[in-house]
Amino acid sequence: MNKIILSMILCLAGTIAMAQTVTTDSTSKNTVNTDAKTKTIVLSPPPSAITPSINATNSDICTTGMAGAVQTQIIGISAGTTIVDENCEQLKIAKTLYDMGMKVAAVSVLCQDRRVFDAMAMAGTPCPFKGKLGDEAKEAWKKNIKFRPKPVERIDATDVTDNATKVGAGLIGLALLFLLK
């Protein structure tokens with residue numbers, strides 16, 4: 001049995017020794033001709049509607065800025081405005097007059113507001129009337145009711161919000177009309 005195993009090993013060794021390396025060369029040549037017409041369309045959105053900037057960083061001004069913008073694929077709309085705070089202006093004018101030593105003039109400016117006018121009357125110190133003070137001013141105001149300041153009409157914050165919502169809805173509706181054309 002040893003002889004059989006030895007014979008097999010020798011056969012295998014001879015087969016391995018006789019193995020040759022096989023080399024394959026391949027060459028190919030391809031030619032491709034392409035004739036194509038191309039068309040490129042670049043679609044870009046219209047320029048953006050940019051809200052106007054309103055400088056309100058100075059605390060010495062009596063205005064508030066309000067602005068808005070709406071942009072569609074076709075049109076962009078932007079608008080801005082300032083709202084004057086008349087109460088702020090009145091207080092600044094009164095303070096300036098008071099600082100210049102004109103106390104009666106400062107009180108007269110404040111008395112143009114019905115709330116101040118009523119408060120002064122309730123306190124027993126009526127607002128000045130054409131240079132008259134105290135009891136003389138009180139009698140002059142009784143005779144000249146038409147010169148009294150009108151009661152203050154207050155604007156409720158919900159009214160402002162409702163109006164802003166209506167304006168926004170109107171702008172969106174206008175933009176949609178342009179889109180549907």
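Before moving on, here are some points about what is shown:
- Residue 112, sole failed condition from (1) of a type in the set (S, T, N, Q); (2) at pLDDT below 85; (3) more than 23 Å from the chain's Cα centre (by Cα): (2)
Each row is one residue, and each column tells you yes or no for (1) at pLDDT below 85; (2) part of a loop (DSSP other than H, G, I, E, B); (3) loosely packed, with under 15 Cβ neighbours inside 10 Å; (4) more than 21 Å from the chain's Cα centre (by Cα).
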{"residue": "57", "(1), (2), (3), (4)": "yes, yes, yes, no"}
{"residue": "64", "(1), (2), (3), (4)": "yes, no, yes, no"}
{"residue": "80", "(1), (2), (3), (4)": "yes, no, yes, no"}
{"residue": "94", "(1), (2), (3), (4)": "no, no, no, yes"}
{"residue": "98", "(1), (2), (3), (4)": "no, no, no, yes"}
{"residue": "101", "(1), (2), (3), (4)": "no, yes, yes, yes"}
{"residue": "107", "(1), (2), (3), (4)": "no, no, no, yes"}
{"residue": "119", "(1), (2), (3), (4)": "no, no, yes, yes"}
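The values are calculated or read from the model by the stated rules, or taken from the named source; none is laboratory data. Computed from a predicted model, the values in this text were never measured in an experiment. Heads up, the Cβs are rebuilt from the backbone with ideal geometry, glycines too, and the neighbour counts pull from every protein chain shown.
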